[in-house]
Amino acid sequence: MSAPIQLPKWAETVLVPAISVAAAFLIAGLVVLSIGENPLTATRYLLQGSLGTGEGLGFTLFYATDFIFVGLAVAVAYHAGLFNIGGEGQATLAGLGIALALNNLAFLPGFLLIPVGILSAAAFGAAWAAVPGYLQAKRGSHIVITTIMFNWLASVLIVYLLVNVLREPQSMNPETPSFPETSHIPFMHEAFAWFGITIPSSQLNLTLVLALLSAYLVWLLIYRSRLGYAIRVVGSNPTAAVYAGISPARIIIIAMMLSGALAGGLAVNELMGYQHRLLLEFTSGYGFVGIAVALMGRAHPVGIILASLLFGILYQGGAELAFEQPNITRDMVVVIGGIIILFAGALDGLFRRLVAQLFTRQKLAGA
Amino acid sequence: MDPGIIATILDSALRLAIPLLAACLAGLWSERSGVVDIGLEGKMLVSAFAAAAAAYAFGSAWIGLVFGIMASVAFGLVHGFASISQRGNQIVSGVAINMLAAGLTAIVGNAWYGQGGRTPPLEGVQRFDGILLGHSSLVYIVLLAVPLTWFVLGRTRFGLRLRAVGENPAAVDTAGISVARLRYSAVVIGGILCGIGGTYLSVGQAAGFLPNMTAGRGFIALAALIFAKWRAWPALGACFLFGLLDAIANQLQGLFIPGVGEVPVQAIQALPYLMTVILLAGVIGKAIPPRAAGVPYVKER
């Protein structure tokens, strides 16, 4: 039992995650049944709402953009053996970075202002992740606990700043004034219109391109670069890393900063791409969805993109579903996310063992 | 400040400390046996819902308590199965428990009562009323759990074995004692305590369940646990301190101090988290968790 379970690669990367997702949906279906609704009807509404119309597809991809960023954030830390559950806080701080940069540098032309906003988001996210990273690396404070604490510190800080400092003077709502028009990341339907192509309008914006680019860069970093190799060595065996001349402390801090910067992408998509101002709770718990996405995608960028798409479908389809069947609120998606995290993350061994048994039985039958 | 206000603050500090203390002791039991539990929040939430729903359905606060405990223990056993039997990642499992609880309570509450996830308001015998000094029996049960935890963990054979399992499971295993059984019993005790804490929230303190009513208390309890360095009496102190901070923040809300302006309540709210981080950083003292906490036990090695 203690020997690592050897599975063919395709089973490892496709079959096991697929089984855990299928099991998650099975349980979700049971929940739907237990509150007296039909799971099949619910699935139809869900798919129709998320993929059935051009507009729905746009919203699905908008959410997927969020999840790609937070999923990559969790994955990069995960490769270094770290559990960053501070995505919420890091994205919140990134939002603050965006608001400070855009509203103070409004005089810049758009082609400068947008990159400055994005870099500011990355820098603030990285800085907020650097502190737990430093404490883990130098003082041995457990990263899980410190990132949890930093989530709460971020939410308290942002409430204070929005209520007392950054709020628009005339407004009662705790939100900043609108960002300058030049800083808005163009919507996808606007971008397509430049080339004379009409697509249905939605919240989807060009940040999706940035997300896909980030996924490619993370792949290059983790699997094709010296730093990525160091990150993976520290993640799998810190003692060996020391003998290889790698400083685990340095790598831990760097990995956490990269992770925080990636989490900042959530703020870029939500604030620069859609809301165009900083407001409370724009992260909506997506930081935790990132954990599900990273686990399901097995911390590989391709897997993360696919898992993000699935969660995009769930979030957009879930909204439509809640509209059609008020009994099935969007909290259903949170439930599914929770079950996927449980199955793909904590109960992973259960399914792997099942699959392994299946394989050995087949081998014996074939012999 | 006049004594009336101080009495009010102390009184509400105790009220606010009780759910923290219940969850903190739950975490203490679990982590002392080597099972890290960041699902305290979720277990409190699910028990708050189950307790309010049962108290409403059966018209009895005590039946509510029973259901609250059962729901919390059930979630605890899921966590136990994942982390003890399946040797899964305990952090991941805790995150999953929290998400499941948040989603399930909201969706089931909405489907059953159609009030945006709330349970109908509880009144009369459906709630725990004050029996002594205006506090309900749950308050005294939770307070009693402190010396009980101290005694059992520090003075009984069961408790010593349980702590040994959290430090060096292999040694306990060699002595012929089941690691899994001890850890499961710790997880169940933790479930019971979280259940009492959650029930107190919805059936004692408030009159019914609200979506996400735990509002991060499970995480403050986790902070208190670190602050108390995984010990029972200090846990009481830490939870009361954090409750007191909360009570003071409530009292000062919207108050103007000449020269300072409005009191930044958020600064006081941030203190528990900040103090925990500072403590973890080892600037003042050092918080060292049980040695085997978070490490699944594999027999053959």
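The values are calculated or read from the model by the stated rules, or taken from the named source; none is laboratory data. Owing to the predicted nature of the structure, the values given are computational and were not obtained by experimental measurement. Cβ atoms come from the backbone with ideal geometry, glycine included; neighbour counts cover every protein chain shown.
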Filter the stretch B:77-90 down to the residues that are surrounded by fewer than 24 Cβ atoms within 10 Å (Cβ to Cβ) and in a helix (DSSP H, G or I) and list them by number. B:Leu77, B:Val78, B:Phe81, B:Ser85
Among the residues of the stretch A:239-280, which ones are within 28 Å of A:Gly337 (Cα to Cα) and free of Cβ contacts under 8 Å to residues at least 60 places away in the same chain? A:Gln275
Pairs, please: C-beta under 8 Å, at least 6 apart or cross-chain, first residue more than 7 Å from chain A (Cβ to nearest Cβ) and closer than 16 Å to A:Val334 by Cβ and in the stretch B:82-98, second not in a helix (DSSP H, G or I) and not charged (D, E, K, R)? B:Gly94/B:Val36; B:Gly94/B:Ile38; B:Gly94/B:Gly39; B:Ile97/B:Gly39; B:Asn98/B:Ile38; B:Asn98/B:Gly39
Can you name the condition, by its number, that B:Ala74 falls short on among (1) touching a Leu at 6+ places or on another chain (Cβ under 8 Å); (2) assigned to a helix (DSSP H, G or I); (3) small (Gly, Ala, Ser); (4) within 14 Å of chain A (Cβ to nearest Cβ)? (1)
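Can you list the helices (runs of 4 or more DSSP H) lying wholly within the stretch A:224-330 that have 2 or more residues being within 14 Å of chain B (Cβ to nearest Cβ)?
Because the criterion is at least 2 residues that are within 14 Å of chain B (Cβ to nearest Cβ), the helices (runs of 4 or more DSSP H) in the stretch A:224-330 that meet it are A:286-296, A:301-324.
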Of these, A:Tyr63, A:Tyr78, which one is of a type in the set (Phe, Trp, Tyr), touching a Gly at 6+ places or on another chain (Cβ under 9 Å) and either more than 21 Å from A:Tyr315 (Cα to Cα) or surrounded by fewer than 24 Cβ atoms within 10 Å (Cβ to Cβ) (or both)? A:Tyr78
Quick one: how many residues across the stretch B:38-55 are farther than 15 Å from B:Pro19 by Cα and either within 11 Å of chain A (Cβ to nearest Cβ) or aromatic (Phe, Trp, Tyr) (or both)? 1
Does B:Gly109 fit the bill of being within 11 Å of chain A (Cβ to nearest Cβ), buried (at least 22 other Cβ atoms within 10 Å of the Cβ) and not in a helix (DSSP H, G or I)? no
Restricting to the stretch A:336-348, name every residue that is surrounded by 24 or more Cβ atoms within 10 Å (Cβ to Cβ) and assigned to a helix (DSSP H, G or I). A:Ile336, A:Gly337, A:Gly338, A:Ile339, A:Ile340, A:Ile341, A:Leu342, A:Phe343, A:Ala344, A:Ala346
Some residue of the stretch B:124-134 being of a type outside the set (A, V, I, L, M, F, W, C), in contact (Cβ under 8 Å) with a residue 60 or more places away in the chain and closer than 20 Å to A:Phe288 by Cβ: no
Given the criteria over 30 Å from B:Gly124 (Cβ atoms), at pLDDT 85 or above and surrounded by 20 or more Cβ atoms within 10 Å (Cβ to Cβ), does B:Leu274 qualify? no
